[in-house]
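To start, the structure under review is shown below, and the notes come after it.
The values are calculated or read from the model by the stated rules, or taken from the named source; none is laboratory data. These numbers were taken from a predicted model, which means no experiment stands behind them. Methodologically, a virtual Cβ is constructed for each residue, glycine included, from the backbone with ideal geometry; neighbour enumeration extends over all protein chains shown. Surface areas here come from the heavy atoms of the whole protein model, side chains and all, with no ligands, DNA or RNA. Shrake-Rupley method; radii C 1.70, N 1.55, O 1.52, S 1.80 Å.
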Amino acid sequence: LTDVGYISRNSSWFPNDSTINIYDAAEHITEYEKYLWNSSTNAWRNNLRSITKYDTNNNLIFIESYLWDTSTEAWKGLDKRVYSYDSNHNRLLYEQYRWDTNSNAWHVSVKNINEYDENKNELSREYYGWNAILNALVGTEKSESTYNESNQLTSYIRYKWDQTTTSWVNSNKTENTYDEQGNLTVN
């Protein structure tokens, strides 16, 4: 659970770094802390820490990490991601966050939402990214799909983001039909 690294100076060993890991029942690392040796104070100082969570199906659902800011002597956000999945392990949600040094808080910078049917066919996807000029999430990609009883794609609609209305608008649509043998007849 704890690991200490040493370096050699003048034929003597001195502490260099130390890590502490905490595991869950499925042997995933759920907490990680790293310390560096401060030779001027002869003490460990904070360096990095992270918290990770998994669902009951061993899917990663959360990770949050911080880096120690030696100038402010405080933790500064490094990375945060949130995920969710359906029962087929398809990823339904992905959010990535950025650290705002002014408010010392996380703010979402990327958001992806997906939907699937019971056959693992992707029904829809919506992707958003942070726009610093608008100070908001804006759409980057959206699509919707339908399938027949043989899980063949019957329609695919793409959307684009309208900056004026800040909403999705139709971009193009593809429709497919199939004969009795399942061969594509019209595209």
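A few points about this structure:
- Lone unmet requirement of (1) part of a strand (DSSP E or B); (2) farther than 25 Å from Tyr85 by Cβ; (3) open to solvent by 50 Å² or more (accessible area, probe 1.4 Å) for Arg125: (2)
- The residue of the range 108-122 that is nearest to Tyr85 (Cα to Cα), among those that are open to solvent by less than 40 Å² (accessible area, probe 1.4 Å) and polar (S, T, N, Q), is Asn114.
- Inside the range 49-107, residues that are open to solvent by 70 Å² or more (accessible area, probe 1.4 Å), in a loop (DSSP other than H, G, I, E, B) and more than 27 Å from Glu122 (Cβ to Cβ) make up a count of 7.
- Leading residue by the ranking (nearest to the chain's Cα centre (by Cα)) among those in the range 88-105 that are of a type in the set (A, V, I, L, M, F, W, C) and modelled with pLDDT under 95: Trp99
- Only one of the numbered conditions (1) among the polar types (S, T, N, Q); (2) closer than 21 Å to Thr72 by Cβ; (3) surrounded by 11 or more Cβ atoms within 10 Å (Cβ to Cβ) is not met by Thr41, and that is (3).
- For the range 1-38, the set of residues classified as outside any strand (DSSP E or B) and touching a strand residue (DSSP E or B) at 6+ places or on another chain (Cβ under 7 Å) consists of Leu1, Asp24, Ala26, His28, listed by residue number.
- Scanning the range 148-177 for residues that are part of a strand (DSSP E or B) and either among the β-branched types (Val, Ile, Thr) or touching a Leu at 6+ places or on another chain (Cβ under 6 Å) (or both) turns up Thr154, Ile157, Val169, Thr174, Thr177.
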